[in-house]
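The next block holds one structure in the form of structure tokens; read it before the comments.
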Amino acid sequence: MKYLVQIQGTQAAYDAMAGKPSAGNPAWSEADMAAMFAHMGAINDDLAETGELLDGNGLAEPARARYVLAGPDGKPVVTDGPYSETKEILAGYWVLDCASLDRVTEIAARVVACPIPEGSTPSPIIIQPIQEAPEA
């Protein structure tokens, strides 16, 4: 079964990683960043070795994104990020091919154990099965 494992983030969390703290988001040091990248890199390496990793990436901060919605007249309305409409946004993802929901939950538990600076708000992880198209 294929699963989308999503890590959520906020503009404040991205700002903290860039050294700009706010409530619940202390500034990250170079050591904090190195520990996070080492943790995530080890997970990616292990998933690649088992053949479960199909795709995965971290995403740019919300300030660099766009939000597109159909307006009342049907024409697109484009808003540059960050958005007042959302507090959290997709910060990264993995597309995994795992034998069971239990296995992908084990992987998500490993992701959520990523080291973060003391006082930081942890990022939630969301697991969604990928709906496969019915055979014709």
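The values are calculated or read from the model by the stated rules, or taken from the named source; none is laboratory data. This structure is a prediction, so every number in the text was calculated from the model and none was measured. Quick reminder, even Gly has a Cβ in these numbers, built from the backbone with ideal geometry, and neighbours come from all protein chains shown. Surface accessibility is based on the protein's heavy atoms, side chains included, excluding ligands, DNA and RNA. Shrake-Rupley method; radii C 1.70, N 1.55, O 1.52, S 1.80 Å.
Just to be sure I understand, how many residues within the range 106-133 are in contact with a Pro (Cβ under 9 Å, 6 or more places away or on another chain) and open to solvent by 60 Å² or more (accessible area, probe 1.4 Å)?
3
Take the residues in the range 55-100 that are surrounded by 12 or more Cβ atoms within 10 Å (Cβ to Cβ) and acidic (D, E); name whichever of them is modelled with the lowest pLDDT.
The extreme case among them is E88.
Given the condition surrounded by 12 or more Cβ atoms within 10 Å (Cβ to Cβ), among the polar types (S, T, N, Q) and in contact (Cβ under 8 Å) with a residue 40 or more places away in the chain, answer yes or no: does some residue in the range 45-54 qualify?
no
Which pairs have Cβ atoms under 6 Å, sit 6 or more apart or on different chains, and link a residue in the range 1-29 that is without any contact (Cβ under 8 Å) to a residue 60 or more places away in the chain and closer than 19 Å to R64 by Cα to one that is open to solvent by 30 Å² or more (accessible area, probe 1.4 Å) and not hydrophobic (A, V, I, L, M, F, W, C)?
From residues that are without any contact (Cβ under 8 Å) to a residue 60 or more places away in the chain and closer than 19 Å to R64 by Cα, the pairs are A12/S22.
Filter the range 114-136 down to residues that are outside any strand (DSSP E or B) and either touching a residue at least 24 places away in the same chain (Cβ under 8 Å) or of a type in the set (D, E) (or both), then give me how many there are.
13
What about A27, is it exposed (fewer than 13 other Cβ atoms within 10 Å of the Cβ), aliphatic (A, V, I, L, M) and closer than 14 Å to I116 by Cβ?
Against the criterion (exposed (fewer than 13 other Cβ atoms within 10 Å of the Cβ), aliphatic (A, V, I, L, M) and closer than 14 Å to I116 by Cβ), A27 does not qualify.
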